[in-house]
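Only one structure is covered here, and it is reproduced in the block below.
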């Protein structure tokens, strides 16, 4: 039972990190109807910016405190993501209003290659590290219930708590603030939102900035765990089944979908892996996503789209 709980906790914590990346897809699709293939590149670009500025700031300012360097690097990377969002709206989205979905999808592919190329040019292509002080040692919990306790990785636990806190803040932002309600109005109907005076361009800048900040936090956490390297952009591919499972238009769906995928990967690897030769953790999520595409394409919480002729 203790081993089952260890696997379950590990899956839940990994799933929370998947949810964080999936949230970027959902936010942009809700507000603009664009499936943002650039989300992985945004995670990489933000992580590169933070890693490199955390390295450069002590050299430029003489500050030896790593906490101050990380905070400064986080703020600078956040400002950079705001500038990226502004340029995306001004140079790309503004000229593609009311275009076909395929056109917008190709635009996000172009943004992907642009961010990867610019990131490599400015920040370099080596493997960089982000040290944000998260403990690496495991901890034993529930020792009174199970002999020896249940092993939990402290780093994964703290990362999952950070991701959960950010998701909660974004949920409150969407539900309780005027800007959040405006974002939801734009998501429901662009033209109707414009007709009542909601500035579409400003809303798009805001939502891409929020997605950029989500990418920054995701990049910081994944970069701390795996190192900041160009393969970090593929983290977004691990989040695609989460989006399909939870629904492209549902923030709660991104959370629950991430938890289901995370737990499913871990449990399937442990309990089904020995029977199928291992490696099931790599493809389990995609098979589950394929099943949902066949029988419930809108996902668990997504909206069913009906086109009237």
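Flag: residue 24 matches the condition of being modelled with pLDDT under 90, in contact with a helix residue (DSSP H, G or I) (Cβ under 7 Å, 6 or more places away or on another chain), buried (at least 17 other Cβ atoms within 10 Å of the Cβ) and within 27 Å of residue 189 (Cβ to Cβ). Candidates are the residues of the stretch 221-242 that are surrounded by 24 or more Cβ atoms within 10 Å (Cβ to Cβ) and at pLDDT 85 or above; the one that is nearest to residue 18 (Cα to Cα) is 239. Could you list, in sequence order, the residues of the stretch 28-77 that are touching a helix residue (DSSP H, G or I) at 6+ places or on another chain (Cβ under 8 Å), on the phi < 0 side of the Ramachandran plot and not in a helix (DSSP H, G or I)? If the condition is that a residue be touching a helix residue (DSSP H, G or I) at 6+ places or on another chain (Cβ under 8 Å), on the phi < 0 side of the Ramachandran plot and not in a helix (DSSP H, G or I), then 34, 35, 36, 37, 38, 63, 64 are the ones that fit. For the stretch 284-298, a tally of residues being out of contact with any helix residue (DSSP H, G or I) (no Cβ under 7 Å at 6 or more places or on another chain) and either loosely packed, with under 14 Cβ neighbours inside 10 Å or part of a helix (DSSP H, G or I) (or both) returns 6.
Condition check for residue 139 on (1) farther than 15 Å from residue 32 by Cβ; (2) in contact with a helix residue (DSSP H, G or I) (Cβ under 9 Å, 6 or more places away or on another chain); (3) surrounded by 13 or more Cβ atoms within 10 Å (Cβ to Cβ); (4) free of Cβ contacts under 8 Å to residues at least 24 places away in the same chain: one failure, at (3). Of all residues in the stretch 157-179, those satisfying the criterion of being farther than 17 Å from residue 251 by Cβ and without any contact (Cβ under 8 Å) to a residue 40 or more places away in the chain are 158, 161, 178.
Residues checked against (1) at pLDDT below 80; (2) touching a strand residue (DSSP E or B) at 6+ places or on another chain (Cβ under 7 Å); (3) surrounded by 14 or more Cβ atoms within 10 Å (Cβ to Cβ); (4) over 26 Å from residue 194 (Cβ atoms):
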| site | (1), (2), (3), (4) |
| --- | --- |
| 67 | no, no, no, yes |
| 70 | no, no, yes, yes |
| 78 | no, no, yes, yes |
| 92 | no, no, yes, no |
| 103 | no, no, no, no |
| 117 | no, no, no, yes |
| 128 | no, yes, yes, yes |
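Considering only residues that are touching a residue at least 12 places away in the same chain (Cβ under 8 Å) and either farther than 19 Å from residue 266 by Cα or in contact with a strand residue (DSSP E or B) (Cβ under 7 Å, 6 or more places away or on another chain) (or both), which ones fall in the stretch 278-294? Scanning the stretch 278-294 gives 292, 293. Residues that are under 24 Å from residue 156 (Cβ atoms) and out of contact with any helix residue (DSSP H, G or I) (no Cβ under 9 Å at 6 or more places or on another chain) are absent from the stretch 243-257.
Can you spot a residue in the stretch 192-199 that is surrounded by 19 or more Cβ atoms within 10 Å (Cβ to Cβ) and more than 12 Å from the chain's Cα centre (by Cα)? Before you say what the answer is, go through the steps one by one.
Just the residues of the stretch 192-199 that are surrounded by 19 or more Cβ atoms within 10 Å (Cβ to Cβ), to begin with: 193.
Imposing the further condition that a residue be more than 12 Å from the chain's Cα centre (by Cα) reduces the set to 193.
Yes, the conditions are met somewhere in the stretch 192-199.
Suppose we filter 170, 161 for residues that are under 30 Å from residue 139 (Cα atoms) and touching a helix residue (DSSP H, G or I) at 6+ places or on another chain (Cβ under 8 Å); which single one remains? Result: 170 is the single residue among 170, 161 that is under 30 Å from residue 139 (Cα atoms) and touching a helix residue (DSSP H, G or I) at 6+ places or on another chain (Cβ under 8 Å).
The values are calculated or read from the model by the stated rules, or taken from the named source; none is laboratory data. These numbers come from a predicted model, not from an experiment. Please note: Cβ atoms are built from the backbone with ideal geometry, for glycine as well, and neighbour counts cover all protein chains shown.
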